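Everything on this sheet refers to the single structure shown next.
Rule-based calculations on the coordinates, nothing more; no lab input. Values in this document were obtained by computation on a predicted structure and should not be read as measured data. Note that we place each Cβ from the backbone using ideal geometry, even for glycine, and neighbour counts take in every protein chain shown.
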Amino acid sequence: GENVEQHPSTLSVQEGDSAVIKCTYSDSASNYFPWYKQELGKRPQLIIDIRSNVGEKKDQRIAVTLNKTAKHFSLHITETQPEDSAVYFCAASSRGTSYDKVIFGPGTSLSVIP
Amino acid sequence: NAGVTQTPKFQVLKTGQSMTLQCAQDMNHEYMSWYRQDPGMGLRLIHYSVGAGITDQGEVPNGYNVSRSTTEDFPLRLLSAAPSQTSVYFCASSSNRGLGDTQYFGPGTRLTVL
């Protein structure tokens with residue numbers, strides 16, 4: 001069945017350094033790839049997304065790249081700050097029995113050390 | 001707008017008991033879904049709905065029932081609770097049928113089954 005893998009499971013960086021989180025997906029029909037951030041004790045919130053007709057998207061310090069041929073996509077955070085510390089989830093759309101659904105990866109716990 | 005609301009926030013059940021987790025949204029969203037979150041396993045899709053009267057199974061549907069009689073409400077029913085269903089449950093909604101639109105999450109329900 002459909003599957004989204006995510007690496008690494010934990011990541012620790014110094015403040016100001018860059019962080020990269022990588023995901024792979026199994027459903028070749030996937031065409032929507034969102035990234036969510038979840039702070040401790042809070043609900044997940046969308047931070048950026050990309051569609052299959054785009055190879056890269058950037059929003060200030062956050063960027064996402066997509067390689068449909070290899071079925072992988074990545075989140076890049078530059079100039080990390082302590083408030084970037086959180087769990088990050090990648091996700092991919094996938095075809096259900098009748099309708100599309102969104103499947104999440106297992107998450108990456110990012111710690112930014114001041 | 002209240003966004004996505006969930007009740008209760010916390011619940012303790014005994015094995016074999018049944019209960020319903022409530023989810024409501026006031027954004028007139030077509031797409032609603034239920035996820036469970038367990039440590040190291042990310043957000044796993046239980047059931048989802050693309051509109052009133054239309055539901056489909058996600059990755060882990062066993063032990064759970066859903067129905068969608070109105071656009072606003074999407075309750076999740078546990079028929080006979082088991083300790084393996086101890087988890088944090090999130091409801092989410094989006095205006096698109098899961099294809100390329102932000103999912104807004106509720107605050108979550110923390111369920112413990114003894």
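Has the stretch A:80-98 got any residue that is in contact with a Ser or Thr (Cβ under 9 Å, 6 or more places away or on another chain), touching a residue at least 60 places away in the same chain (Cβ under 8 Å) and of a type in the set (A, V, I, L, M)? Among the residues of the stretch A:80-98, at least one is in contact with a Ser or Thr (Cβ under 9 Å, 6 or more places away or on another chain), touching a residue at least 60 places away in the same chain (Cβ under 8 Å) and of a type in the set (A, V, I, L, M), which makes the answer yes. Out of A:Val112, A:Val87, A:Val102, one residue alone is in a strand (DSSP E or B), of a type in the set (A, V, I, L, M, F, W, C) and more than 12 Å from chain B (Cβ to nearest Cβ). It is A:Val112. The set of residues in the stretch B:68-88 that are within 16 Å of B:Gly51 (Cβ to Cβ) and not hydrophobic (A, V, I, L, M, F, W, C) comprises B:Arg68, B:Ser69, B:Thr70, B:Thr71, B:Glu72, B:Asp73, B:Pro75.
The residues in the stretch B:33-67 that are more than 10 Å from chain A (Cβ to nearest Cβ) and under 21 Å from B:Val4 (Cα atoms) can be counted, and the count is 9. Just to verify a result, which residue in the stretch A:74-83, among those that are surrounded by fewer than 20 Cβ atoms within 10 Å (Cβ to Cβ) and within 14 Å of the chain's Cα centre (by Cα), is nearest to A:Val112 (Cα to Cα)? If we take residues in the stretch A:74-83 being surrounded by fewer than 20 Cβ atoms within 10 Å (Cβ to Cβ) and within 14 Å of the chain's Cα centre (by Cα), then A:His76 is nearest to A:Val112 (Cα to Cα). Restricting attention to the stretch A:1-28, the residues being touching a Cys at 6+ places or on another chain (Cβ under 8 Å) and within 9 Å of chain B (Cβ to nearest Cβ) number 2. Taken as a whole, the stretch A:39-52 holds no residue that is out of contact with any helix residue (DSSP H, G or I) (no Cβ under 8 Å at 6 or more places or on another chain), over 18 Å from B:Thr102 (Cα atoms) and surrounded by 13 or more Cβ atoms within 10 Å (Cβ to Cβ). Residues that are assigned to a strand (DSSP E or B), farther than 16 Å from A:Ala92 by Cα and at the interface with chain B (Cβ under 9 Å from one of its Cβ atoms) within the stretch A:29-70 comprise just one, A:Gln38. Annotation note: Cβ proximity below 8 Å between a residue of the stretch B:103-114 that is part of a strand (DSSP E or B) and a residue that is among the basic types (Lys, Arg) (sequence gap 6+ or interchain) occurs for B:Phe105/A:Arg43; B:Thr109/B:Lys9; B:Arg110/B:Lys9; B:Val113/B:Lys14.
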